[in-house]
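Here's the structure, in structure tokens; my notes come after.
The values are calculated or read from the model by the stated rules, or taken from the named source; none is laboratory data. Given the structure is predicted, the values throughout are model-derived calculations rather than measurements. Positions of Cβ are backbone-derived with ideal geometry, glycine not excepted, and every protein chain shown enters the neighbour counts.
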Amino acid sequence: MAAPIENTFIRELEMKNGENLKIHQLEVGDVGCVVWDAALVMCKYLETADFDAGESWRGLDVVEVGAGTGVLGVFAAAYGAKVTITDLPEFIPLMNLNIDTNQHHITGTAKAESLKWGEESLGRTVDCVLMADCIYYDQSLGPLVETVRSLCSDRTAVYCCYEQRTTGNKPELERKFLEMMQEIFNVEDIPLERQDSHFRSEDILIKRFWKKSVTEVG
């Protein structure tokens, strides 16, 4: 059972302009209830030179999948993106709390919606899909890849950030996820030198995916 929404503690995340986002995390709950390091690395990557110090996000239609706290989506919305922050229904109150808490920083738009991987669809393709640390369970890999595919046109960029974990079945999950993604998408590894100079780590990877053409798939 999820902790009551009032049982939270706050993680602050500084933006380039010196303002701090305040992200509520749950004291008790599943993996989506806290801000993981990969989400922080990805947030800070959004304001690097790859995105014109964050200016490139203005006006883009963005979906965050497996959002948990919604920190990544809120961060993109603060830079002007029109973001739909998605996860399972039980995370909607937490995502809405973080949208409301940071509304004065948001220069685009942000809304929270339920999106069950492999079962539900937003019914549209978008400019960009963001996800951080979504590779946890073997049974969710296929539905996750299908959901990402459903959001992508030939012009959609998918940015995926995750921490490489060496325990248990985690290396196998990473391998399977990348194999499934590469059946549909091309992939680029984002090198450390293009990431934030402080918020980066050799064991946290950022990858950009984009759909293969018909000839590439064939």
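Quick grid of which residues meet (1) touching a helix residue (DSSP H, G or I) at 6+ places or on another chain (Cβ under 9 Å); (2) of a type outside the set (G, A, S):
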| site | (1), (2) |
| --- | --- |
| T8 | yes, yes |
| K22 | yes, yes |
| L40 | yes, yes |
| Y45 | yes, yes |
| D52 | no, yes |
| A78 | yes, no |
| I92 | no, yes |
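Right, D127: closer than 28 Å to I23 by Cα and either without any contact (Cβ under 8 Å) to a residue 12 or more places away in the chain or in a helix (DSSP H, G or I) (or both) or not? Taking the combined requirement at face value, the residue does not satisfy it. Could you tell me whether segment 115-135 includes any residue that is modelled with pLDDT of 95 or more, of a type outside the set (S, T, Y) and more than 28 Å from S213 (Cα to Cα)? Checked segment 115-135: no residue is modelled with pLDDT of 95 or more, of a type outside the set (S, T, Y) and more than 28 Å from S213 (Cα to Cα).
The lone criterion from (1) modelled with pLDDT under 95; (2) within 19 Å of V71 (Cβ to Cβ) left unmet by D138 is number (2).
With respect to (1) without any contact (Cβ under 8 Å) to a residue 60 or more places away in the chain; (2) part of a loop (DSSP other than H, G, I, E, B); (3) surrounded by fewer than 20 Cβ atoms within 10 Å (Cβ to Cβ), the lone exception for Y136 is condition (1).
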